[in-house]
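Below you'll find the structure, written out as structure tokens, and then a few comments.
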Amino acid sequence: MFPVELLRGSDIASIDLLAVTVRAEATSELCTAEGEVKTAVTYRCARCLVEFPAHLETRFREVFSRSPLTPEQEQAEVVHCPGDEIEMDPYVEQAVVLALPAQPLCKADCLGLCPACGTNLNFRVCGCDIQEVDPRLEMLSQMYGKLTEQ
Ligand SMILES: [Zn+2]
Ligand SMILES: [Zn+2]
């Protein structure tokens, strides 16, 4: 299973095939499917944009019911599934999406890129005086930009 959809508009540079193990247990009414997903991901650091590999491992558990759901089952997020086959892909993908970090960082204290010259500050100090960029001036220039656009 190759989760191409997961790559769209994210900080993920690449993601390997998902290794999925599922165990299912069924009674006449309910089916419980649970398992693990493992894969290798290459993230793009949200601060310095450097790509770095990481291991992703997560679990999922879904309960499916053949009959229409009771309010309690709805509350417990049981899925109504009248057919004989259950397509697990969407649930596996959902589990992976939930396990992905919102802002992947190459390291917790990543210094990011210099906003003035773009140097990766983890490797080199560029010497730009970043303090010069006054956020109020920045706002003014953005407002000015908007005004001139009209
Ligand atoms: Zn970084
Ligand atoms: Zn710089």
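The values are calculated or read from the model by the stated rules, or taken from the named source; none is laboratory data. From a predicted model like this one, the values you see are computed outputs, not experimental measurements. Cβ atoms come from the backbone with ideal geometry, glycine included; neighbour counts cover every protein chain shown. Note: accessible area is taken over every heavy atom of the protein model, side chains too, but ligands, DNA and RNA are not part of it. Shrake-Rupley method; radii C 1.70, N 1.55, O 1.52, S 1.80 Å.
Roughly how much of Ser14 is accessible, in Å² to the nearest 10, using a 1.4 Å probe?
In the full protein context, Ser14 sits at about 50 Å².
Over all Cα pairs of the stretch 20-97, how is the pair count split among 5 Å bins, expressed in % and running from 0 up to the last occupied bin?
All Cα pairs, binned at 5 Å, distribute as 3, 13, 21, 18, 14, 10, 7, 6, 5, 2, 0 percent.
For the ranges 110-116, 42-48, what's the packing order if you count other beta-carbon atoms within 10 Å of each residue, average per peptide, and put the highest first?
Ranking the peptides 110-116, 42-48 by packing returns 42-48, 110-116.
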